[in-house]
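Computed from the coordinates by the stated procedures, all read-outs in this text should not be read as laboratory data. Keep in mind that this is a model prediction, so the values were computed, not measured. We place every Cβ from the backbone using ideal geometry, glycine too, and count neighbours over all the protein chains shown.
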Amino acid sequence: MLATAVALYARAQFGHLAYPLLWQDEGETAMYAQQIRDYGYPRVHGSRNVVYEFGTNVAQGVKEGIDAYIGTPWGHFYCALPGLLWAEGSADPYVRTWRLRLPFALAGAAGLGLLLWAVLPVERGRPGRALAFAALYFLLCATSISLQLHLRELRYYPLLALLVAAIGRLHLQRVVFGALSPARYALAVTPLLVLLWNVFHPAWAAAVALLGLECGIRAFRARGPGRRAALRDLVPLALSAALLAPLFAFFETFAIAGELARELGLSPRLYAENLGRTLVHFLRHELLGPLLVTRIAVLAVDRGGSGDARAPSRRVADRLSLFALGYALIVALNPLAYERYTVVLSPLLSLAFLLDAFRLAECLPARLAPPRRRAARAAVAAAAAALVLASLGVRLPELRGRLAELRVPYQGPVDFAVLHLRARHARTEDLVVATNYENHPLMYYLGSRVIVGGSLSNIVRDRELVPDVVIPRRRWSRGLDELGRLLEGGVFERHGLRVADLHWNNIPALSRSPLVPDPHRFRTASTGDASRQLVIHERIR
């Protein structure tokens, strides 16, 4: 059963990994990996292209003097370098994409496995139950379409899943299972927290705040040696902050965060809207609904002690649930409440649900006479299965869509544009391409000089160039006027491609919002309607 569950999940996450080609954010990762290859760090201005889409204010995301990008930490850019070097061995854009994404997808899958390993000690001594638990966990992961889609990306999300899993396992080993000394815990967790900041700094802030709060609560409740032991667990949190202090200054972390909060209008109302969207997403696309039911049932039924006296499975489930809640509350402070910021919580909810269901199957029948216990366990299992099936019923459109996508790979506007230009031009690296969105993937796949872009960060110099190709992305208003002026300055041949001009090549997000008006598409948006097609204008020489 376990092998079948793992195979189903592997097929769901790794199937057609090469499709579609990179979208804008993934293209940024690939291009900054190229800059690292050429310059040793993510430099903004390269020999041919400007790699920058952080915003219209270039001064905000660029470190003057060395011309380094500081809009985000660099962890995922450096992690993309091995895949980039491997991808350079092929000219096929799909082979290159597969080689770029594979290390990240493997990291995400390793994170899921590490989380499972972290909680399995609660089933120590019961191998049959442990195998059933593991199989059910991977089956639940195989039904989380949002999780699969994000853990396939050439972005920080799979790395975040791996690091959170590693830190979580060490924390449970220390606090719940008592298998780590304070010194070993500090030595192991400190570098992981430093890496976590370099991958996604809001996650570091959430982890430090929540782990610190838990240490404080344990210290408050304990006495004598127990209090000192709890306080010693604050050491890795403080050490990571001290080690990261130079990076806080280099990346201007607090200044940029403050500027973004002012520009985007962070307010109590926006914070509440962010939380609301997160809640709706996890109710609609994840197991939050079933987990809430089992949480309430466990709190009502399981009265076997409090604090450290509770069963290990209950203590682990409590921590996973509270961490997920606290993480969501903290990350919602980011004015940009993208789904990808919280996708790491999906496996935590699945594990907490299973732990609660298994705990109910233990403690509820224990109150009954022996002849009725087997029937009670079967009733608990049936109720848990019904909750999952109800959740899957809500997610049925996405499940069907993902199955369709696994049968017939999706292709988006970037796929069609790259294949079209590669078929018509023997040396795409000699082209000057003007577009107002997804300029980074075009830079990567074509090797062309790509101008304008969405941030207009180099527009004064771009206006001096004569483009060979103009690709207006009509869903994005910024930069369209600039492309119009470029088209007026020459004679171009119009090519309408049989794909809709969408917002992006594709995006892993499933929940529609003001930030994501066009969620993930499972089928290629083919169209013969000229008014909807992606249009490429090529200069007539």
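Rounded to the nearest 500 deg cm²/dmol, what is the calculated helix-only ellipticity per residue at 222 nm for the chain, with -39500 (n - 2.57) per DSSP H run of length n ≥ 4?
That comes out to -19500 deg cm²/dmol.
Taking the Cα centre of the chain as origin, sum charge times position over the Cβ atoms of Lys and Arg (+1) and Asp and Glu (-1), and report the length of that vector in debye to the nearest 20.
In debye, rounded to 20, the chain gives about 2460.
Please report the antiparallel percentage of DSSP beta bridges with both residues in region 410-541, rounded to the nearest 5.
Antiparallel: roughly 55 percent of the beta bridges in region 410-541.
Got a sec? Charge dipole of region 1-56, +1 on Cβ for Lys and Arg, -1 for Asp and Glu; which of Ala7, Gly46, Pro20 is way out at the positive end?
Ala7
With unit charges on the beta carbons (Lys and Arg positive, Asp and Glu negative) and the dipole taken about the Cα centre of region 410-541, which residue among Gly454, Ser513, Val466 sits farthest to the positive side?
Ser513
Can you check what the net charge comes to around Asp462, using other residues whose Cβ is under 10 Å from the Cβ of Asp462 (Lys, Arg +1; Asp, Glu -1)?
+1
Two decimals, Cα atoms only, Kirkwood Rh: what is Rg/Rh over region 410-541?
0.95
Give the relative contact order (percent, whole number) for the chain; include only Cα pairs under 8 Å separated by 6+ residues.
17
Taking Cα pairs under 8 Å and at least six residues apart, what relative contact order does region 410-541 come out at, in percent?
In percent, rounded to a whole number, it is 29.
Out of all DSSP beta bridges with both ends in the chain, state the antiparallel percent to the nearest 5.
65
Going by C-beta contacts inside 10 Å, put Trp197, Trp117 in order with the fewest on the left.
Ordered from fewest to most neighbouring Cβ atoms within 10 Å, Trp197, Trp117 come out as Trp117, Trp197.
How much FRET efficiency would the formula 1/(1 + (r/R0)^6) give for Leu515 and Leu389, where r is the Cβ-Cβ distance and R0 is 25 Å, rounded to 0.05?
That pair, Leu515 with Leu389, gives E of 0.20.
On the first, second and third principal axes, largest extent first, how far apart are the outermost C-alpha atoms of the chain in Å?
The Cα atoms of the chain stretch 88, 49, 46 Å along the principal axes, largest first.
Relative to the first principal axis of the alpha-carbon coordinates of the chain, what is the inclination of helix 93-119, with its axis defined by its Cα atoms, in degrees from 0 to 90 and to the nearest 10?
10
Across region 24-169, how large is the tail of the calculated P(r) beyond 24 Å, expressed as a percent of all Cα pairs?
The calculated P(r) of region 24-169 puts 44 percent of pairs beyond 24 Å.
According to a simple spin-label model (label point 7 Å from Cα along Cα-to-Cβ), what is the distance in nm between Tyr41 and Glu64?
1.6
About the Cα centre, and with charges only on the beta carbon of Lys, Arg (+1) and Asp, Glu (-1), how big is the dipole of region 410-541? Nearest 20 debye, please.
Dipole about the Cα centre, nearest 20: 260 debye.
Using +1 at the C-beta of Lys and Arg and -1 at the C-beta of Asp and Glu, which of Gln411, Val164, Ala87 has the Cα lying farthest in the positive direction of the dipole of the chain?
Value: Val164.
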